[in-house]
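Colleague: I have a structure I would like to understand better, so I am pasting it below and will then ask my questions one at a time.
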Amino acid sequence: MHIMHHMQFKWISFCTKPPTYNPLPNTGNKYNVDGHHLAGPGEKLDKFSWLSQHGPQFHIHGEQVQVITEPAQFYEVLKLKTRRAKHRITYASLYLGTGALEKDLVSSMREACLNAVHAGNSKFEVNVLLDYTRGSRGKVNSRSMLRPLMAEHSNVKVSLYHSPDLRGLLKKILPERFNETVGLTHIKVYLFDDSFIISGANLSNDYFTNRQDRYILFNDCPELANFFNDLVKTIMSFSLDLSPDNTLNLSPGWNCHPYKETDGGLGFKVAARLKINDCLKMEDFSSIGNNSSISAENTRLTGDNRKNVETDTVVYPLVQMGPFGVTHDEMATLGLFRSSEPNDNILLASGYFNLTDHYMSVILDQSLGKFSILMASPQANGFLGAKGIAGAIPYSYIYLAHEFYKRVKERNQTRRIHLMEYVRDRWTFHGKGLWYYLPSQPLPTLTLVGSPNFGFRSVYRDLECQVALVTENKHLQEQLREEHVRLFASSQPVDESTFQGRDRYVPLWIRYVTKLIKNFF
């Protein structure tokens, strides 16, 4: 375990570090030495049970969950789990890079396919969902990386989601990179048989080396894996199918083209919404997928049978697809903010700080909890040094962060709401999600992890998914605490002096442009 886990921290009225972790002996007393009520078995899980209003819930054991902390570890787990897959591989990502590391990852898929052939396993399948615009950028791209594998193995399917909002004149005039701002699929799920990683990381060199993100591995969780496999395949069903010859066609059984219809995309959106809502029904997901071997024990530990067995962890998948009017993640996130109490501590992270007006107003005017918000410093922003107008993006985020900080100051809430910047030499920051600490608890009870950045694009333009993980499992809580401490240890506090630095000067034209286009990034 990382050495920082053993460090001791002083708990003040609000800080970015958890209270000193020194568990009390198990005396059976429901109150700690400070007189605060200690939640009994199941009480912490019940506190957040309202999340089931926003999607299905799955009951598992915390020992089935592993927090991955480093990009290199994420990459090695991806390759290992992919190579060893026996029944299915399902990837959902924004794009697949084109470098040596990415080629090795494709080789891992090829190895799994060959193993299935040698074993006579005709039911083995590989499904890959990527975004059309980002996956088609340049001559050598995600499509060219995967087409040879598709030509070799007929059980490999690649789908490219195309936003119904990118159409007509807009599609014709917007060049590469800029067309990605209209909308895309941003979901990041990497699934191997009955295990999967949910993350905010894409499949490219930076995310495997020095671009910090978050990654949580769920081991041997059949019903939960079936749900995500079904979700990804549902999106693939209304995406464009890629052929080995690089042509694109509608998926079989799907008749609405994402951008060629003359109804402005309305028919596509309505039909896609129906598909997604059908996927998200509260039902027994054990019937989804024919390749899962669900044991009697796992059947008891998942689904809706929590009263029949002791479980210590509940997982709530939260889906957000603004173009289709699916807003489960937004509603759940707002619910967490609104229901926070004065001694709750919420640690929020976003690689791209651009909170929606709704999120900001709730945090500032309705939430009672204490917030620490971690964002990328300009030096840790992935767009730093980019060519053309993209190079101005870090300054847009400086402007947005400063505007939010000024609102915090105007309301005299600087003691309740803190801003932090991730700073690590030669590293960029892409982490997102939150950690939720209940009063006087040295370990977090809830975390959000997945693809959303809590910004305008996440809520209104892109397809997103994350999970709310609520746990009483001490080992898992310790992993989550260590993850949070590691990330915040590489951060610096933000105050007014931060924005006075020479490197924080935002040209007037960027301020005006940011106001106009902030809902595109």
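Colleague: Can you tell me which condition residue 111 does not meet? The list is (1) more than 26 Å from residue 467 (Cα to Cα); (2) within 21 Å of the chain's Cα centre (by Cα), and all the others hold.
Modeller: (2)
Colleague: Checking residue 386 against (1) surrounded by fewer than 18 Cβ atoms within 10 Å (Cβ to Cβ); (2) at pLDDT below 95; (3) not in a loop (DSSP other than H, G, I, E, B), which test does it fail?
Modeller: Of (1) surrounded by fewer than 18 Cβ atoms within 10 Å (Cβ to Cβ); (2) at pLDDT below 95; (3) not in a loop (DSSP other than H, G, I, E, B), only one is false for residue 386: (3).
Colleague: How many residues, within the stretch 47-61, are open to solvent by less than 30 Å² (accessible area, probe 1.4 Å), of a type outside the set (A, V, I, L, M) and within 20 Å of residue 191 (Cβ to Cβ)?
Modeller: The total comes to 4.
Colleague: A further question follows. Out of the residues in the stretch 142-178 that are β-branched (Val, Ile, Thr) and either open to solvent by less than 10 Å² (accessible area, probe 1.4 Å) or touching a strand residue (DSSP E or B) at 6+ places or on another chain (Cβ under 8 Å) (or both), which is nearest to residue 233 (Cα to Cα)?
Modeller: Among those that are β-branched (Val, Ile, Thr) and either open to solvent by less than 10 Å² (accessible area, probe 1.4 Å) or touching a strand residue (DSSP E or B) at 6+ places or on another chain (Cβ under 8 Å) (or both), it is 158.
Colleague: Those residues that are part of a helix (DSSP H, G or I) and surrounded by fewer than 22 Cβ atoms within 10 Å (Cβ to Cβ), I need them from the stretch 338-364; list them, please.
Modeller: 338, 339, 357, 358, 359, 360, 361, 362, 364
Colleague: Select the strands (runs of 3 or more DSSP E) contained entirely in the stretch 117-229, then report the ones holding at least 2 residues which are under 18 Å from residue 323 (Cβ atoms), touching a residue at least 24 places away in the same chain (Cβ under 8 Å) and not hydroxyl-bearing (Ser, Thr, Tyr).
Modeller: Correct list: 125-131.
Colleague: Kindly indicate whether residue 303 is among the small types (Gly, Ala, Ser) and at pLDDT 95 or above.
Modeller: Spelling it out, it is not the case that residue 303 is among the small types (Gly, Ala, Ser) and at pLDDT 95 or above.
Colleague: Give the residue, chosen from 135, 42, 55, 35, that is at pLDDT below 95 and within 19 Å of residue 451 (Cβ to Cβ).
Modeller: One residue alone meets the criteria, 55.
Colleague: Taking residue 476 as the residue in question, decide whether it is farther than 29 Å from residue 180 by Cα, open to solvent by less than 50 Å² (accessible area, probe 1.4 Å) and not hydroxyl-bearing (Ser, Thr, Tyr).
Modeller: Yes.
Colleague: Hey, among 123, 79, 188, which residue is among the charged types (D, E, K, R), touching a helix residue (DSSP H, G or I) at 6+ places or on another chain (Cβ under 9 Å), buried (at least 16 other Cβ atoms within 10 Å of the Cβ) and over 21 Å from residue 269 (Cβ atoms)?
Modeller: 79
Colleague: Which of the residues belonging to the stretch 319-337 are touching a residue at least 60 places away in the same chain (Cβ under 8 Å) and either assigned to a strand (DSSP E or B) or over 17 Å from the mean Cα position of the chain (by Cα) (or both)?
Modeller: 319, 320, 321, 323, 327, 335
Colleague: Sticking with this structure for a sec: Could you please let me know if residue 496 is out of contact with any Gly (no Cβ under 6 Å at 6 or more places or on another chain) and over 30 Å from residue 323 (Cβ atoms)?
Modeller: The answer is yes for residue 496.
Colleague: Here is a follow-up. How many of the residues making up the stretch 230-277 are among the polar types (S, T, N, Q) and either on the phi > 0 side of the Ramachandran plot or assigned to a helix (DSSP H, G or I) (or both)?
Modeller: The total comes to 4.
Colleague: Of the conditions (1) touching a Phe, Trp or Tyr at 6+ places or on another chain (Cβ under 8 Å); (2) open to solvent by less than 30 Å² (accessible area, probe 1.4 Å); (3) not aliphatic (A, V, I, L, M), residue 87 fails just one. Which one is it?
Modeller: (2)
Colleague: Sort out which residues of the stretch 493-505 are within 18 Å of residue 409 (Cβ to Cβ) and not small (Gly, Ala, Ser), and write them in order of number.
Modeller: Matches in the stretch 493-505: 493, 494, 495, 496, 498, 499, 500, 504.
Colleague: In addition: Is the stretch 306-322 home to any residue that is β-branched (Val, Ile, Thr), surrounded by fewer than 19 Cβ atoms within 10 Å (Cβ to Cβ) and at pLDDT 95 or above?
Modeller: Scanning the stretch 306-322 turns up no residue that is β-branched (Val, Ile, Thr), surrounded by fewer than 19 Cβ atoms within 10 Å (Cβ to Cβ) and at pLDDT 95 or above.
Colleague: Filter the stretch 488-521 for residues that are hydroxyl-bearing (Ser, Thr, Tyr) and closer than 13 Å to residue 398 by Cβ; which is farthest from the chain's Cα centre (by Cα)?
Modeller: Here the residue is 505.
The values are calculated or read from the model by the stated rules, or taken from the named source; none is laboratory data. No experiment lies behind these values; they were computed from the predicted model shown. Cβ coordinates were reconstructed from backbone atoms using ideal geometry, including for glycine residues, and neighbour counts include every protein chain displayed. Ligands, DNA and RNA are excluded from the accessible area calculation, which covers all protein heavy atoms including side chains. Shrake-Rupley method; radii C 1.70, N 1.55, O 1.52, S 1.80 Å.
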